[in-house]
Amino acid sequence: MAVAAVKDYDFPPADTMDKFHGAQLLYIGWEDHLLFCAPFAFPFPPSMRFGDIVGGVLPGAFGYHPDFAQIDWAKAEWFKSGKPFAPDFDKSLADNGLAHKDVIRFRTPGLTGIEGSCS
Amino acid sequence: MDMQVARKKLGLKERYAVMTRGLDWTPSYQKMEDIYPYMSYEGIKIHDWDKWEDPFRLTMDAYWKYQAEKERKLYAIIDAFNQNNGHLNVTDARYINTVKLFISGISPLEYVAHRGFSHVGRAFPGAGPRVACLMQSLDEIRHAQTQVHSISNYNKYYNGMHDFHHAHDRVWFLSVPKSFFDDAITAGPFEFMVAIGFSFEYVLTNLLFVPFVSGAAYNGDMGTMTFGFSAQSDEARHMTLGLEVIKFILEQDPANVPIVQRWIDKWTWRGYRVLTLVAMMMDYMLPKRTMSWKEAWEVYFEENGGALFKDLARYGITMPKCAEQIALEKDHLSHQAWSTFYNYAAAANFHTWTPDEDEMAWLSSKYPNSFDKYYRPRMTYWREQAAKGNRFYNKTLPMLCQTCQIPMIFTEPGDPTKICYREVDYRGEKYHFCSDHCKKIFEDEPEKYVQAWLPVHQIYQGNCFPEGTDPTVEGFDPLAAVLKYYNLESGRDNLDFDISEDKKNFAEWRGQATRNI
Amino acid sequence: MSTVFIALQTNEETRQIVEAITQDNPQAVVHEQPAMVKIDAQGKLTIRRETIEALIGRDYDLQELQVNLITISGNLDQTDDEMVLYWNA
């Protein structure tokens, strides 16, 4: 036990997957677009198709940015925990190896925010 | 009959010693470790409690006399402020949002500090710290009450403050200050003293109070200024308590040094992260700015803190490791923070807005290395969009740091274009952090932080809707339900300043105050 | 040498206290800010009861200073006659 305590101090974590009504948490950030102050947190069913996230969810989350409409998804680079990642748009989150509380980012080469400021 | 007794009068130190020391007895019915059960588990060794020195040497008669004088002065000014509609003298109604931030974010901490000092005062076997903690506990509840009294005047006329305590327990950004104090009061008594008495009250206090109170002075807010000064006069005693705590613990046993160093590192960082709110307040929310966050940090931490740690070097204590990263963040903190509240204006209990041209010129001049390059473009874009009726309201919930609970808005030290991502796998679960420092705090005591009540996760668990809400019904609007849970009225307490009732009312009332209508 | 300082509210009571401090600490620098006066000194600052009493024309208890004190920097040593702020390094 790392924490100093007067007796045994061992309690369950607050955010285990079973608490999210069938969903898992996935964090998604768009590199170089800090107009959105932080990456987003989403609850998705593990069976959700990756392509449905990109096509159905990301527009609502990121669409405000003038760069969004110009994204060529074929050229987007993906990262999982900072390491290169190649999602299969037709597979589910689970089949893409994305577990509860994983973090992914996408980078859209050539699109670097408002006036190139990475905003 | 003449009774002439010539005796030498006792000096302050001797008087104080006679009034406060040697008045208790060594227990004989119960063991010391049973009466004071929290004294050894943190690993701190104390050999001689009598070595504790009280710089201010206040006995109760002096305490009540001076505190009563402060209260009389304070309430006279609050009454005058109320009677005179003092709220109409502020520079402009945007300023009032700093007061909303204060009552919902800081005042509840004053109350918890009162409870914390009350608890640790009971926990220490030494008379010296007991007396000091007793007085500080009384001071803190006085602060909580004076703040509620002063700010209640604003609550009569402006929105967002009506249920500040309820908000503190629930609203997404208020978990940041709340969790800071939760962490402190669940720590042992020695850590609490180093965390609050030293790191917060000594190292960082000037970065909370001086900005808010000078801000109030510059912006015509006599109400806040008056409680600020009243509290500050107690703070000097709190600061000396904090410094004495550190010196006392370090002098008692060399084994204490590494434990205290770890606490200083942890709490300076945690306190600094909470001060993110102050940075943006200074640079973006004060219509008339006093100094920049960067300048305040340079005076009150780099210079002042520098002198302090030089003094403590003889014990083997070093400047907290995080000071380096904080220096790098100086140019960015307030801009990144304001961007966050601009993003999430729909979910906050105060308004936000974009800075105008004059204000951006000030920001450019204070931040020549960063504002124009990284932040002016987005502020300008937001401003232009708002003018077109397309004001940005981010409706998607952000990723949060597990330790400081702030959204992951902070960038890599040295590269302000890249979000800083750090993660840890612990017992089969993944945890995320905004920085190496928050990550280390977790790694040192994971058993605490895995239990964090993170607002975004709690919303997704369905725990942030009013009782009886059915999230499965057609057309369910989770954000609307969350606002109800927060007891905030959408369209009134939140959104942009320009469309707010506050702005409209202030203009109308000020107009009335200057004309014969 | 490190800077010590004392900051006081600006009001009628503190006007002469500031004067007393500058008399006893000729090297000290006084900064006037809205509603506040900050007095910086190198290494050490001494506030003397007698000097204050001479200026205000009545007996003075140094503990009265607390009512108008905003903040301090440095270690503090207080007796009936003097309040000293100092750094050891």
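Filtering B:Gly511, B:Gly468, B:Gly475 for residues that are within 30 Å of B:Glu384 (Cβ to Cβ) and surrounded by fewer than 16 Cβ atoms within 10 Å (Cβ to Cβ) leaves a single hit, B:Gly511.
Checked across the stretch A:64-82, the condition of being in a loop (DSSP other than H, G, I, E, B) and either at pLDDT below 95 or among the β-branched types (Val, Ile, Thr) (or both) holds for at least one residue. Filtering the stretch B:1-51 to residues that are aromatic (Phe, Trp, Tyr), at pLDDT below 90 and within 33 Å of the chain's Cα centre (by Cα) leaves only B:Tyr16. Close contacts from the stretch B:364-387, counting a first residue that is over 16 Å from B:Asp283 (Cα atoms) and a second that is among the basic types (Lys, Arg) and crowded, with 16+ Cβ neighbours inside 10 Å, with Cβ to Cβ under 9 Å and a gap of 6+ residues or different chains, come to B:Trp382/B:Arg391; B:Gln385/B:Arg391. Residues in the stretch B:172-211 that are aromatic (Phe, Trp, Tyr), farther than 30 Å from B:Ile459 by Cβ and buried (at least 23 other Cβ atoms within 10 Å of the Cβ): B:Phe190, B:Phe192, B:Phe198, B:Tyr202. Per the conditions (1) of a type outside the set (Lys, Arg); (2) surrounded by fewer than 16 Cβ atoms within 10 Å (Cβ to Cβ); (3) modelled with pLDDT of 95 or more, the sole criterion not satisfied by C:Asp77 is (3). Taking the numbered list (1) touching a strand residue (DSSP E or B) at 6+ places or on another chain (Cβ under 7 Å); (2) without any contact (Cβ under 8 Å) to a residue 40 or more places away in the chain; (3) more than 9 Å from every other protein chain (Cβ to nearest Cβ); (4) not aromatic (Phe, Trp, Tyr) in turn, A:Arg107 passes all entries but (2). Just to verify a result, which residue in the stretch B:287-306, among those that are small (Gly, Ala, Ser) and part of a helix (DSSP H, G or I), is farthest from C:Tyr86 (Cα to Cα)? Ranking the qualifying residues of the stretch B:287-306, first place goes to B:Ala296. Residues in the stretch B:197-215 that are of a type outside the set (Phe, Trp, Tyr) and in contact (Cβ under 8 Å) with a residue 60 or more places away in the chain: B:Gly197, B:Ser199, B:Val203, B:Leu204, B:Asn206, B:Leu207, B:Leu208, B:Val210, B:Pro211, B:Ser214, B:Gly215. Inside the stretch C:78-89, residues that are facing chain B (nearest Cβ under 7 Å) and within 16 Å of C:Arg48 (Cα to Cα) make up a count of 3. Suppose the filter is at negative phi and modelled with pLDDT of 95 or more; does B:Gln232 pass it? No: the conditions fail for B:Gln232.
Only residues that are more than 8 Å from every other protein chain (Cβ to nearest Cβ) and among the hydroxyl-bearing types (Ser, Thr, Tyr) were counted across the stretch B:433-465, and they come to 2. Scanning the stretch B:18-73 for residues that are within 29 Å of B:Arg262 (Cβ to Cβ) and surrounded by fewer than 11 Cβ atoms within 10 Å (Cβ to Cβ) yields B:Asp34, B:His47, B:Asp48.
Which of the residues spanning the stretch B:184-214 are more than 19 Å from B:Ile246 (Cβ to Cβ) and modelled with pLDDT of 90 or more? Answer for the stretch B:184-214, where residues must be more than 19 Å from B:Ile246 (Cβ to Cβ) and modelled with pLDDT of 90 or more: B:Ile185, B:Thr186.
Could you check, for the stretch B:493-511, whether at least one of its residues is among the aromatic types (Phe, Trp, Tyr), in contact with a strand residue (DSSP E or B) (Cβ under 8 Å, 6 or more places away or on another chain) and either within 13 Å of another protein chain (Cβ to nearest Cβ) or assigned to a loop (DSSP other than H, G, I, E, B) (or both)? Scanning the stretch B:493-511 turns up no residue that is among the aromatic types (Phe, Trp, Tyr), in contact with a strand residue (DSSP E or B) (Cβ under 8 Å, 6 or more places away or on another chain) and either within 13 Å of another protein chain (Cβ to nearest Cβ) or assigned to a loop (DSSP other than H, G, I, E, B) (or both). For the stretch B:338-369, the candidate set comprises residues that are buried (at least 20 other Cβ atoms within 10 Å of the Cβ) and of a type in the set (Ser, Thr, Tyr); within that set, the residue that is nearest to the chain's Cα centre (by Cα) is B:Thr340.
None of A:Ala86, A:Ala61, A:Ala41, A:Ala76 is over 19 Å from B:Glu429 (Cα atoms) and without any contact (Cβ under 8 Å) to a residue 24 or more places away in the chain except A:Ala86.
Within the stretch B:399-417, the set of residues being among the hydroxyl-bearing types (Ser, Thr, Tyr) and surrounded by 24 or more Cβ atoms within 10 Å (Cβ to Cβ) comprises just one member, B:Thr403. Remark: A:Ile28 matches the filter, which requires a residue to be over 22 Å from B:Ile441 (Cβ atoms), modelled with pLDDT of 95 or more, within 10 Å of another protein chain (Cβ to nearest Cβ) and in contact with a Phe, Trp or Tyr (Cβ under 8 Å, 6 or more places away or on another chain). Testing A:Phe89 on (1) over 20 Å from A:Gly113 (Cα atoms); (2) surrounded by fewer than 19 Cβ atoms within 10 Å (Cβ to Cβ); (3) within 14 Å of chain B (Cβ to nearest Cβ), one condition comes back false. Which one is that? The one condition A:Phe89 does not meet is (3).
Listed conditions (1) farther than 24 Å from B:Ala345 by Cβ; (2) touching a helix residue (DSSP H, G or I) at 6+ places or on another chain (Cβ under 9 Å) are all met by B:Lys430, apart from (2).
Would the stretch A:40-62 turn up any residue that is part of a loop (DSSP other than H, G, I, E, B), at the interface with chain B (Cβ under 9 Å from one of its Cβ atoms) and either more than 29 Å from B:Pro416 (Cα to Cα) or modelled with pLDDT of 95 or more (or both)? Taking every residue of the stretch A:40-62 in turn, none turns out to be part of a loop (DSSP other than H, G, I, E, B), at the interface with chain B (Cβ under 9 Å from one of its Cβ atoms) and either more than 29 Å from B:Pro416 (Cα to Cα) or modelled with pLDDT of 95 or more (or both). Scanning the stretch C:48-70 for residues that are within 14 Å of another protein chain (Cβ to nearest Cβ), closer than 17 Å to C:Thr10 by Cα and not polar (S, T, N, Q) yields C:Glu64, C:Leu65, C:Val67, C:Leu69, C:Ile70.
Listed by first and then second residue, the pairs with beta-carbon distance under 7 Å, at least 6 apart or on different chains, first residue in the stretch B:179-196 and more than 14 Å from A:Val3 (Cα to Cα), second surrounded by 23 or more Cβ atoms within 10 Å (Cβ to Cβ) and among the basic types (Lys, Arg), are B:Phe180/B:Arg270. Against the list (1) more than 21 Å from the chain's Cα centre (by Cα); (2) within 19 Å of B:Ser40 (Cβ to Cβ), the condition B:Asp92 fails is (2).
The values are calculated or read from the model by the stated rules, or taken from the named source; none is laboratory data. Quantities reported herein were computed from a predicted structural model and do not represent experimental measurements. Note that each Cβ is placed from the backbone with ideal geometry, even for glycine, and that neighbours are counted across all protein chains shown.
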